[in-house]
Structures are given as C-alpha cells and as structure tokens.
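> First the structure, which I've put down as structure tokens, then a few questions once you've had a look.
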Amino acid sequence: MAAVLDAFRFLTALPLPPRRKDGGLAASVAYFPLVGVFLGGSLALADWACARAFPRVSHFLSAALGLAVYALLTGGLHHDGLVDVADAFWGRRSREERLRIMKDARSGALGVTALALFLLVELAALYALPARVAASPGYLRRAALLVFPVLGRWVMCYLCVRFPYARAEGTGAAFIAGASYTALGAASAVTLAVLAGCFVFVIRAPLLAAVLSLSALAFAELAGSYFNRALGGVTGDCVGAAGMLYEALALLLLASRVPELLLT
C-alpha cells in the first residue's frame, strides 16, 4: 500500500499525506499503470457527464474538459517534462547543455510551442474518438479514455526499468536507478488486464489490444534508446515526455480507421 501511495503522490496532484520515511520509491514504479487506471476512469466519468449534460456537443466539450481534468489531476507534471525535453532536444546541443536545459525551471519558446501543438493534437484526437464501431456493440470511446493513460504510464515504467539514470543525482534517481524488472512485470500484468477487459471482453477486438501493446513496447524502446544515445540514460523529464507522446500516439491510433479495420 505504501508503494501504491508513493506512485499516486509522484504522478498526481491528489492531496495525499506526506511520506513518513525516505527510500523505497523504486517499488512504486510497479503501480504506475494503476495511476493510469484512476486517470482514465476520471476521464471516462467526465465524458459520461458531458454526454448527459451537453448531448449536442458532448464530444467536443468532453475533449476540452478531459484535457483540463488530466492537467489538474497530474499537476501538469508530465506537461512540464514535455516542455523541458522539447527545449533541450530541439536543435544540435551537447549532452551537458541538454541536461542543463532540462534542469532549468524556466520554459523556452520552443518548449511552449511544442506543448501547444501537442495539446491541439490531443484535443483533436479526443474529439475524433468514435462512441462505438460498427462491428462491435461495445463503446470504443470510453474504453479508449480508460486505456490511453494506462499505456502512457506503462511506457514510463518501461523507461525507468530498462534504461539507466542519466544524471549523477536528481529527483528521478529514486525511481529510475532502483527500478527492477519485477516492477515492470507487475506493471505489465496490470496493463494487459486493463487492455483485455476493454478490448477483449467489451469491444471484442483482441487484435486491437495486441496492436496497442506492441506499439507501446516499440515506442518505449525507441524513445529510451534515443535518450540513452543522447544523454547516456534517461531523466524524469524524458520519462514523462515519452509517456505523454505515446498517449497522443495511442489516441491517434484509436481515433483512426485502425479499430474498424481490425474488427471487420
């Protein structure tokens, strides 16, 4: 339970009691997807409320409200990581310069521009998510809202376990340096259970679950390998940015014709 609370303390802005002891944060990596379940459930609930209150324009309001709810619940933590990574990696810079830029609390124009474009893409993808697909009686939209934050946090867990920490010390060291493959196995079990529940028993699209799983694995490995070559490892900003970028990719995939094609 302590590790679960640590995961929620780090990845959300919920008003939880402070930790009573130092150390042990690496164990919380296993429960990152559980935080995704909470976030995805909150988004699905907001979508349901919009459908009841604003039936004529529910999808657009749900997309905007979903982004607001997501930012409030996470405290903008991963948005900040995306801004820092964009500032650091946009252009030719040395490893030391990139690490210094990501450590700087200020946001540059490139990072702000990247965040604005990212939010526009997510808004459009959330708006475009279909309520259902013709070949399935299940509701694709609600399943997608539940699943994409889970997959994003699994990507974060993968980077924490698979790649070393790029700095000598820092906030992310407690999570990344000590994370084990046992934690990744537990996180994978939770993620696969959520995918199976949504896309095997509800939507009845096991191929879609497989595509999402493999795309998350491929993206995590490619992103982590890129950061490892550029920095000699990953940082907390890299982990958060990779998770956010995969979430956008998953939303685009779910809003495309791919689910329909896999069901026909």
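> Please report the equivalent ellipsoid semi-axes of region 146-247, computed as sqrt(5 x eigenvalue) of the Cα gyration tensor, largest first, in whole Å.
Rounded to whole Å, the semi-axes are 27, 13, 10.
> With the chain treated as a Gaussian network of Cα nodes joined by springs under 10 Å, which of A128, A220, A116 yields the largest mean-square fluctuation?
So, out of A128, A220, A116, the one fluctuating most is A116.
> When the convex hull of the C-alpha atoms of the chain is computed, what volume per residue in Å³ does it have?
Given the Cα convex hull of the chain, per-residue volume reads 126 Å³.
> Compute the Rg to Rh ratio over region 100-178 from the alpha carbon atoms, using the Kirkwood formula for Rh, and round to two decimal places.
1.12
> At q = 0.14, 0.16, 0.19 Å⁻¹, what is the base-10 log of I(q)/I(0) for region 192-264 according to the Debye formula with one equal point scatterer per Cα and no solvent? Please give it to two decimals.
Cα-only, vacuum Debye calculation for region 192-264: -0.51, -0.63, -0.80.
> Out of S225, S62, S94, any idea which swings most in a Gaussian network model of the chain, alpha carbons joined below 10 Å?
Of the options given, S94 has the highest mean-square fluctuation.
> Determine the sum of side-chain charges near R162: Lys and Arg each +1, Asp and Glu each -1, restricted to other residues whose C-beta is under 15 angstrom from that of R162.
It works out to a net charge of +1.
> Give me the Å³ per residue figure for the convex hull around the C-alpha atoms of region 86-218.
131
> If one puts a single equal scatterer on every Cα of region 64-105 and applies the Debye formula without solvent, what log₁₀ I(q)/I(0) results at q = 0.24, 0.28 Å⁻¹?
Results for region 64-105 at q = 0.24, 0.28 Å⁻¹ read -0.75, -0.87.
> With each run of n ≥ 4 DSSP H residues scored as -39500 (n - 2.57), what mean residue ellipticity at 222 nm is computed for the chain after dividing by its residue count and rounding to the nearest 500 deg cm²/dmol?
Calculated at 222 nm, the ellipticity per residue is -23000 deg cm²/dmol.
The numbers here are math on the coordinates, done by the rules we state, and not lab data. Bear in mind the structure is a predicted one, so any value in this text is a computation, not a measurement. For neighbour counting, all protein chains shown are included, and Cβ atoms are generated from backbone atoms with ideal geometry for every residue, glycine included.
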